[in-house]
Amino acid sequence: MRITKKQDRMPGIILTILLFVAEIAFTVLLLYTNLLSAKYIGIVFAVLLVLLLIDHLLIRKFRKQIRFWIGIILMVIILAVLGIASFYIYKTVSALDDITGVNKEITEINVYVKQDDAAQSLMDAASYSFGILADLDRENTDTALQQMASETGGEVSTKEYSSLTELADGLLKGDCQAIVLNRAYLDVFDEIDNYASFSSQIREIASEQVEKLVERNTPAPVQTDVQAEDSSDTTQDAAVTDQIYTIFVSGIDTRDDITASSRSDVNIVLTVNARTKQVLMISTPRDYYVPLSISNGVPDKLTHAGIYGINVCMDTLNMLYDTDINYYFRLNFAGFVQIIDALGGITVDSDYDFTTQNSSGYHFTKGPNQVNGDQALAFCRERYAFSAGDRQRGKDQMKVIQGVINKATSPDILKNYLSLLDSLSGCFETNIPYDVITSLVKQQLDEGGSWQVLSYSVDGTGDTQKPYSMSQKAYVMVPDQTTVDKAKTLMQKVRQGFMLSEADVSAQ
């Protein structure tokens with residue numbers, strides 16, 4: 001049977017249309033993700049059109065079997081590449097959607113009874129007298145009490161105590177039958193003499209989730225051509241644009257929900273200037289003795305700010321450094337192990353030769369060390385092996401973050417890309433909007449170039465004081481104002497566009 005001209009060309013036309021639709025769909029997907037600039041999307045689409053034309057020339061005549069089947073093979077390859085690329089893009093966007101734009105935080109307010117108490121639920125304890133803190137964390141406590149009243153169908157009887165130790169004694173001595181307490185305070189009891197075992201003497205029977213919005217007033221983009229001339233002039237910042245950010249990095253050491261309020265053991269302020277491609281990391285020790293934004297001038301350990309929420313952490317650091325934090329990253333260091341393992345390990349540069357004083361007893365040599373997740377966690381947790389204690393731990397935490405950045409921005413990331421994306425959920429979150437991150441990605445692809453990352457740690461003097469959140473005196477670090485002032489100056493210079501050097505951030 002003779003094949004007509006129309007029959008000869010129809011298979012090629014149909015297949016070409018199908019390939020063209022697939023290429024259009026892929027291009028639309030790229031536009032939707034907003035990860036590439038119009039220039040690169042145009043290049044990708046042009047390449048796809050060229051491949052489409054080549055394939056059409058191969059398959060346009062069915063009678064030329066060899067050319068036709070070569071065209072079919074090329075089409076399959078093109079579709080396979082588009083399919084794989086689409087899958088990677090989908091995973092990337094899903095991961096970014098999961099960790100970005102987080103604008104809520106959950107404070108867990110629990111009801112506790114003594115271990116041998118008969119109550120197993122809130123309803124069992126409906127007739128109890130509930131001990132509460134008179135002033136500390138009162139807003140969250142009152143919200144939890146309202147939720148409890150709604151669940152029990154009646155008013156909750158309460159008895160106020162002025163401090164954590166009085167609250168604990170009230171429960172243990174039978175002055176009240178239950179207590180309503182922010183779960184994060186259990187870690188504070190571990191810091192109080194004679195109360196380290198309190199957590200093992202009580203039992204949770206109910207949990208109220210108090211949700212809050214994380215709200216930041218981010219500056220609107222300002223068009224400016226102002227460039228700093230004199231590096232010694234730091235009296236006034238250059239206008240803040242959408243390329244200059246101040247970001248709070250909070251590291252929590254918990255296996256609970258990443259959105260739950262918790263003590264912040266890592267407190268790093270990033271000043272990011274995307275125009276100069278410079279990042280400055282300022283580390284503040286967890287025991288820094290500073291007024292919290294909610295404590296009416298009464299100093300507390302900085303780590304305790306996390307008990308009251310990420311907003312209090314940021315506002316407290318704003319007060320300390322006279323800055324305006326725009327966004328936050330929160331890292332769960334217990335889950336951070338997953339990210340480092342997914343990266344295939346990282347390299348950390350140790351300042352000392354030391355062995356961690358924990359059950360693992362990992363040894364690190366001075367200089368570069370290749371580490372897995374568990375080793376990296378031990379590295380950034382250790383403080384007892386150093387005379388500088390928490391000061392060195394803060395530096396090592398920044399070294400781990402630097403190691404992750406180095407590995408994540410290297411070509412090696414491609415080998416473990418999917419496992420890395422899967423590891424992000426549950427141990428990493430930020431309120432930075434998706435479109436801000438994609439704008440930085442597009443800028444980096446358009447302009448190229450490497451980023452300079454520098455770090456500086458503020459210092460202080462060890463002392464014994466009574467913090468706002470505690471009932472008795474404890475170890476604190478009284479700030480060295482000279483180092484705080486230097487940190488402020490370094491932040492200003494980065495915002496103004498000055499290129500700092502390692503000498504600028506040295507301890508001297």
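Brief remarks follow.
- Taking amide H as placed 1.01 Å from N in the peptide plane, GLU429 has its amide H under 5 Å from the amide H of ARG330, each at least 5 places away in sequence or on another chain.
- For LYS486, a cut-off of 18 angstrom between C-alpha atoms picks up these lysines, skipping any fewer than 8 places away in its own chain: LYS395.
- Contact order relative to length of the chain, as percent, for alpha carbon pairs under 8 angstrom and 6 or more apart: 17 percent
- Theoretical FRET efficiency, 1/(1+(r/R0)^6), r = Cβ-Cβ of TYR384 and GLU502, R0 22 Å, to 0.05: 0.20
- A prolate overall shape is assigned to the chain, the ratio a/c of its alpha-carbon gyration tensor axes (a ≥ b ≥ c) being 1.5 or greater and a/b exceeding b/c.
- Convex hull volume per residue, computed on the Cα atoms of region 268-380, equals 147 Å³.
- Projecting the Cα atoms of LEU270, MET499, GLN147 onto the charge dipole of the chain, computed from C-beta unit charges around the Cα centre, puts MET499 farthest toward the positive end.
- Within the chain, the longest run free of exposed loop sites, counting GluC sites (Glu not before Pro) that sit outside DSSP helix and strand states (H, G, I, E, B) and have at most 16 other Cβ atoms within 10 Å, spans 230-501.
- ARG60 accessible area, 1.4 Å probe, all protein chains in place, Å² to nearest 10: 80 Å²
- Helices in the chain, meaning DSSP H runs of at least 4 residues, each add -39500 (n - 2.57). Divided by all residues, the mean residue ellipticity at 222 nm is -13500 deg cm²/dmol.
- Dipole axis of the chain (+1 Lys, Arg; -1 Asp, Glu on Cβ), positive-most option in THR355, PHE20, LEU82: PHE20
- Taking label points 7 Å from Cα along the Cα-to-Cβ direction, ALA38 and ASP463 give a separation of 5.9 nm.
- Under a 5 Å amide H cut-off, with hydrogens placed 1.01 Å from N, SER469 pairs with LYS301 among residues at least 5 apart or on other chains.
- Solvent-accessible area of the chain (1.4 angstrom probe, protein heavy atoms only): carbon and sulfur portion equals 54 percent.
- Computed from backbone phi with θ = phi - 60° and the Karplus coefficients 6.51, -1.76 and 1.60, the 3J(HN,Hα) list for region 55-72 is 5, 5, 5, 7, 9, 6, 10, 5, 5, 8, 4, 5, 4, 4, 6, 4, x, 5 Hz; x is used for glycine and proline.
- Residues whose amide H lies under 5 Å from that of GLY460, counting only those 5 or more places away or on a different chain, are ASP480; hydrogens are built 1.01 Å from N in the peptide plane.
- Whole-Hz couplings from phi, Karplus 6.51/-1.76/1.60, listed for region 86-93; x for Gly and Pro: 5, 5, 5, 5, 4, 5, 5, 5
- Ordered by 1.4 Å accessible area with all protein chains kept, MET10, MET314 run largest first as MET10, MET314.
- If only the Cβ of Lys and Arg carry +1 and only the Cβ of Asp and Glu carry -1, the dipole of region 43-197 around its Cα centre is close to 2600 debye.
- With contacts taken as Cα pairs under 8 Å at a separation of at least 6 residues, region 88-171 carries a relative contact order of 32 percent.
- Candidate residues PHE68, PHE428: accessible-area rank, largest first, probe 1.4 Å: PHE428, PHE68
- Theoretical FRET efficiency, 1/(1+(r/R0)^6), r = Cβ-Cβ of SER129 and ASP193, R0 41 Å, to 0.05: 0.90
- In plain terms, the chain from GLU155 to ALA25 could stretch by 40.9 nm, reckoned as 0.36 nm per residue minus the Cα-Cα distance.
- Charge dipole (Cα centre; +1 on Lys/Arg Cβ, -1 on Asp/Glu Cβ; no other charges) of the chain amounts to roughly 3500 debye.
- Note on LYS407: aspartates and glutamates with a C-alpha under 12 Å away, same-chain residues under 8 apart excluded, are ASP341.
- Taking all protein chains into account, the per residue accessible area for the chain stands at 47 Å² (1.4 Å probe).
- Cross-link partners of LYS442 among lysines, defined as those whose alpha carbon lies under 19 angstrom from its own and excluding same-chain residues fewer than eight positions apart: LYS39, LYS91, LYS277.
- Look at the alpha carbon pairs under 8 Å that are at least 6 residues apart: their mean separation over the length of region 391-508 gives a relative contact order of 21 percent.
- Rounded to 5, percent antiparallel among DSSP beta bridges of region 78-193: 35 percent
- Taking the Cα centre of region 350-508 as reference, the dipole from Cβ charges on Lys and Arg (+1) and Asp and Glu (-1) amounts to some 300 debye.
- Computed from backbone phi, the HN-Hα couplings of region 139-148 come to 4, 5, 4, 5, 5, 5, 5, 5, 5, 5 Hz, rounded to whole numbers (Karplus: 6.51 cos²θ - 1.76 cosθ + 1.60, θ = phi - 60°; Gly and Pro given as x).
- Highest to lowest packing among 87-99, 487-499, scored as the average C-beta count within 10 Å: 487-499, 87-99
- Rounded if a/c under 1.5, otherwise prolate or oblate - region 316-404, Cα gyration tensor axes: oblate
- Dipole axis of region 384-455 (+1 Lys, Arg; -1 Asp, Glu on Cβ), positive-most option in CYS427, ILE401, GLY389: GLY389
The values are calculated or read from the model by the stated rules, or taken from the named source; none is laboratory data. Predicted, not measured: the structure shown is a model, and the values here were computed from it. As a convention, Cβ positions derive from the backbone with ideal geometry for all residues, glycine included, and neighbour counts pool all protein chains shown. Note: areas computed on protein heavy atoms with side chains; ligands, DNA, RNA excluded. Shrake-Rupley method; radii C 1.70, N 1.55, O 1.52, S 1.80 Å.
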